[in-house]
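Chemist: Would you mind keeping the following structure in view while I ask a few things?
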Amino acid sequence: MTSAKNDDAPAEEKLSVEEIMAKVDGLLARMEDPTETLETSIASFEEAITSIRQAQKMLEHAEQRVRELVAGEGDDLSAEESN
């Protein structure tokens, strides 16, 4: 069972944040379906949480990249002004 989760991670990384959120929307719809079993709903919930955490990591990484670019841009501007 652990290997299945490890197999899911690389595939999840290939999805964009938007694709992950669309997947989560589908999982939420499945959880809200009154014909689904409790076990299926719990499995969907677990998958949704995993997907949301992956999207959060991607967003945090993007935010860090933006911060680095903005900080680096200030350095570039200072160098240009002194020339």
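Chemist: Whether any residue in the stretch 31-45 is under 15 Å from the mean Cα position of the chain (by Cα) and either at pLDDT 95 or above or in a helix (DSSP H, G or I) (or both) is what I want to check. Can you show your working first?
Modeler: If we filter the stretch 31-45 for residues that are under 15 Å from the mean Cα position of the chain (by Cα), which is where we start, we get none.
No, the stretch 31-45 contains no residue that is under 15 Å from the mean Cα position of the chain (by Cα) and either at pLDDT 95 or above or in a helix (DSSP H, G or I) (or both).
Chemist: Could you please find all residues in the stretch 23-55 being acidic (Asp, Glu) and touching a residue at least 12 places away in the same chain (Cβ under 8 Å)?
Modeler: Within the stretch 23-55, just Glu47 meets the criteria.
The values are calculated or read from the model by the stated rules, or taken from the named source; none is laboratory data. Remember, it's a predicted structure, so these values are computed and weren't measured experimentally. So basically every Cβ, Gly included, is an ideal-geometry build from the backbone, and we count neighbours across all protein chains shown.
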